[in-house]
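Here the structure comes first, spelled out in structure tokens, and everything after it is commentary.
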Amino acid sequence: MAKGATSRVDRLLSALGYGSRREMARLAAAGGIVLDGVALRDVTGRIALTPDLPARMVVMGAPLDPLPGLVILMHKPLGVTCSHKEEGPLVYDLLPRRWRGRDPMISTVGRLDKQTSGLLLLTDDGDLLHRVISPKVALPKTYRAVLARPLRGEEGAVFASGQMILEGEAKPLAPAVLEVVSEREALLTVTEGRYHQVRRMFAAVGNHVEALHRERLGGLRLPEGMEPGAWRLLEAAEIGTIFAEG
Ligand code: URA
């Protein structure tokens with residue numbers, strides 16, 4: 001959000017998913033919008049979109065939802081899909097229901113497969129989203145893979161070669177780093193985000209990924225003890241650390 005930005009109160013609340021502008025006028029008339037402890041009756045006035053606004057405004061008895069420009073760090077659980085429209089449980093179902101009505105809408109920053117767990121970012125900031133997934137930025141992403149078969153020993157060199165070509169593709173993969181944890185477990189750090197990339201890389205060396213979990217994205221790590229399905233908003237200072245070396 002631009003510094004010094006302002007918005008009409010009814011437009012802001014409507015964009016945050018609280019309801020139509022007409023409904024916001026009715027809510028204000030009923031005393032349902034409170035600013036700095038005083039009921040706000042006129043929602044057609046403009047308000048400064050400062051970071052402290054959610055702490056100063058109470059809507060229907062609860063603090064105002066986060067302003068546009070939010071970034072969510074989630075521990076994506078298994079079995080939910082990174083999609084707005086597919087059938088079945090979606091990552092968005094883990095967020096407050098009202099947030100589905102936000103404009104700009106919240107989207108996942110890239111995707112994790114339904115059967116991949118771990119660190120997932122979601123944001124309504126399109127510029128940030130594009131920077132994080134940009135091939136030019138090439139942020140490292142570290143996955144923990146549990147494999148069906150023991151590692152043979154040559155996989156690290158193949159992945160690091162910069163010459164590996166996945167089935168159905170023409171462009172070689174950028175070099176990736178393999179750290180062996182045990183016979184059937186490894187950490188793999190990639191800087192691209194190709195379709196099912198990690199599973200296809202292990203398939204190409206004759207293995208099969210049985211479980212996949214993302215531990216790191218750029219400078220962010222999944223916080224210890226964060227349960228699957230849990231999430232929190234990133235502070236402004238933490239957002240910059242996405243682009244720092246982790
Ligand atoms: N690679 C995969 O195969 N799946 C993911 O979800 C992420 C990376």
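From (1) of a type in the set (D, E); (2) within 20 Å of I242 (Cβ to Cβ); (3) within 16 Å of the ligand (Cβ to nearest atom); (4) part of a loop (DSSP other than H, G, I, E, B), pick out the condition that doesn't hold for E224.
E224 satisfies every listed condition except (3).
Of all residues in the range 98-122, which are within 16 Å of the ligand (Cβ to nearest atom) and basic (K, R)?
R111, K114
Looking at L147, L139, which one is over 30 Å from I239 (Cβ atoms), in contact with a Phe, Trp or Tyr (Cβ under 9 Å, 6 or more places away or on another chain) and not charged (D, E, K, R)?
Step by step, each of L147, L139 is checked, and only L147 is over 30 Å from I239 (Cβ atoms), in contact with a Phe, Trp or Tyr (Cβ under 9 Å, 6 or more places away or on another chain) and not charged (D, E, K, R).
May I ask you to list the residues in the range 227-246 that are out of contact with any strand residue (DSSP E or B) (no Cβ under 7 Å at 6 or more places or on another chain) and in a helix (DSSP H, G or I)?
Within the range 227-246, A236, A237, E238, G240 qualify.
For W231, all conditions in the list (1) surrounded by 15 or more Cβ atoms within 10 Å (Cβ to Cβ); (2) over 23 Å from the mean Cα position of the chain (by Cα); (3) more than 16 Å from the ligand (Cβ to nearest atom) hold save one; what is the number of the exception?
Here W231 meets the rest and fails (2).
Filter the strands (runs of 3 or more DSSP E) completely within the range 123-221 down to those with at least 2 residues that are more than 16 Å from the ligand (Cβ to nearest atom) and over 23 Å from H75 (Cα atoms).
Answer list for the range 123-221: 177-182.
Does the range 47-57 contain any residue that is among the β-branched types (V, I, T), out of contact with any Pro (no Cβ under 9 Å at 6 or more places or on another chain) and closer than 24 Å to L120 by Cβ?
So far as the range 47-57 goes, no, none of its residues is among the β-branched types (V, I, T), out of contact with any Pro (no Cβ under 9 Å at 6 or more places or on another chain) and closer than 24 Å to L120 by Cβ.
Filter the range 70-87 for residues that are more than 16 Å from the ligand (Cβ to nearest atom) and at pLDDT 95 or above; which is farthest from L12 (Cα to Cα)?
L73
Table: residues versus (1) in contact with a Phe, Trp or Tyr (Cβ under 7 Å, 6 or more places away or on another chain); (2) free of Cβ contacts under 8 Å to residues at least 60 places away in the same chain; (3) small (G, A, S).
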residue	(1), (2), (3)
L120	no, no, no
R152	no, yes, no
G162	no, yes, yes
N207	no, no, no
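Looking only at the range 15-29, count how many residues are polar (S, T, N, Q) and in contact (Cβ under 8 Å) with a residue 12 or more places away in the chain.
Residues flagged as polar (S, T, N, Q) and in contact (Cβ under 8 Å) with a residue 12 or more places away in the chain within the range 15-29 amount to 0.
Of the numbered conditions (1) crowded, with 19+ Cβ neighbours inside 10 Å; (2) outside the structural domain of L12 (by TED's automatic domain parsing); (3) touching a strand residue (DSSP E or B) at 6+ places or on another chain (Cβ under 7 Å), P77 satisfies every one except a single condition; which is it?
(1)
Is there any pair with a first residue in the range 136-148 that is under 11 Å from T191 (Cβ atoms) and a second that is among the charged types (D, E, K, R) and within 11 Å of the ligand (Cβ to nearest atom) whose Cβ atoms are under 8 Å apart and which are 6 or more apart or on different chains, and what are they?
Correct list of pairs: A138/E192; K141/R214; T142/R214.
The values are calculated or read from the model by the stated rules, or taken from the named source; none is laboratory data. Predicted model, so just to flag it, every value in this text is computed and none were measured. Every residue, glycine as well, gets a Cβ built from its backbone with ideal geometry; the counts of neighbours run over all protein chains shown.
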